Amino acid sequence: MNTNIRIANKADAQFIHDVYGYYVLNTNVTFYMNNFTLKEFERKIAATLMDFPYYILEVDGNACGFAYAGKLRPQDAYRWTVETTVYLSPDAPKRRGLGRLLYQKLLDTLRAQGIQTVFGVISATNEPSIQMHRSMGFTEAGRFRRMGNKNGEWLDVVWMQKTLNVLGDDPGPPVPFSQLNPPPLA
C-alpha cells in the first residue's frame, strides 16, 4: 500500500463533495443535512489554502481522504487556535492508520505555522474519532448535550483539544499556509 499526502486543488472538489455527501446522507458524523455544491467546495479549498492546510490522502494513486484546518472563531485574538476536519472515504482501507497519518501531517503543518491550540469538534456518537483523537494526545475539553437533532436523534458534541505550541504572551502572527507552500505557477 503506497500512500501520498498532497495539497488539495480545485480538481479535488468532486472527490470531497462525494465523500462528504456520504457522511451527510448516511451518518450523524456531520450535523449538515444537505451537502455543499461543487462550486462551494472549490471556493472552500481555495479560501482555506490562503491561511491553512487542505490535504488529500492517496492510497495507490487513488484519493481516499481529506483534512483541513480553519479558524475557530473570526475574532483576531483566536488566530492561534484552529478547528480541524478529517474524513476518509467510506471505501478507504480500514484499520491501516490512514486517518492518523493524514491527521499527523495536518498537525505537523499547523505546528510549523505557529498555531498553538487545535480543536476537534466531534459528534459524541462517533466513538472511533474520539478514540483516534485521544490516541493522538487530544483531551476532552467539553461535552455539549443535545446540541443538534439529526435522523430523529438528539446528539451531543465533544470538543477535543491539543496544544501544539506553547507561545509567549505576545506571539507573532501564525504564518499563513500560502507563505509556507506557495501555489505552483500556472
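Worth pointing out:
- Of residues in the range 16-72 being of a type in the set (Lys, Arg) and assigned to a helix (DSSP H, G or I), the one nearest to ASN126 (Cα to Cα): LYS44
- Of all the residues in the range 76-100, those that are surrounded by fewer than 16 Cβ atoms within 10 Å (Cβ to Cβ) and among the aliphatic types (A, V, I, L, M) number 1.
- Residue in the range 70-79 that is free of Cβ contacts under 8 Å to residues at least 12 places away in the same chain, out of contact with any helix residue (DSSP H, G or I) (no Cβ under 6 Å at 6 or more places or on another chain) and closer than 22 Å to THR27 by Cα present: no
- Residue match in the range 40-51 (condition: over 24 Å from GLY137 (Cβ atoms), over 16 Å from the mean Cα position of the chain (by Cα) and at pLDDT below 95): no
- Of the helices (runs of 4 or more DSSP H) lying entirely inside the range 89-186, those containing at least 3 residues that are at pLDDT 95 or above and in contact with a Pro (Cβ under 8 Å, 6 or more places away or on another chain) are 98-113.
- Residue within the range 140-162 that is more than 19 Å from the chain's Cα centre (by Cα), closer than 16 Å to GLU83 by Cβ and among the aromatic types (Phe, Trp, Tyr) present: yes
- Whichever residue in the range 26-65 is free of Cβ contacts under 8 Å to residues at least 24 places away in the same chain and of a type in the set (Phe, Trp, Tyr) and, among such residues, is farthest from SER129 (Cα to Cα): PHE36
The values are calculated or read from the model by the stated rules, or taken from the named source; none is laboratory data. The model shown is predicted, which means the values in this text are computed figures rather than measured ones. Glycine gets a Cβ as well: all are built from the backbone with ideal geometry, and neighbour counts include every protein chain shown.
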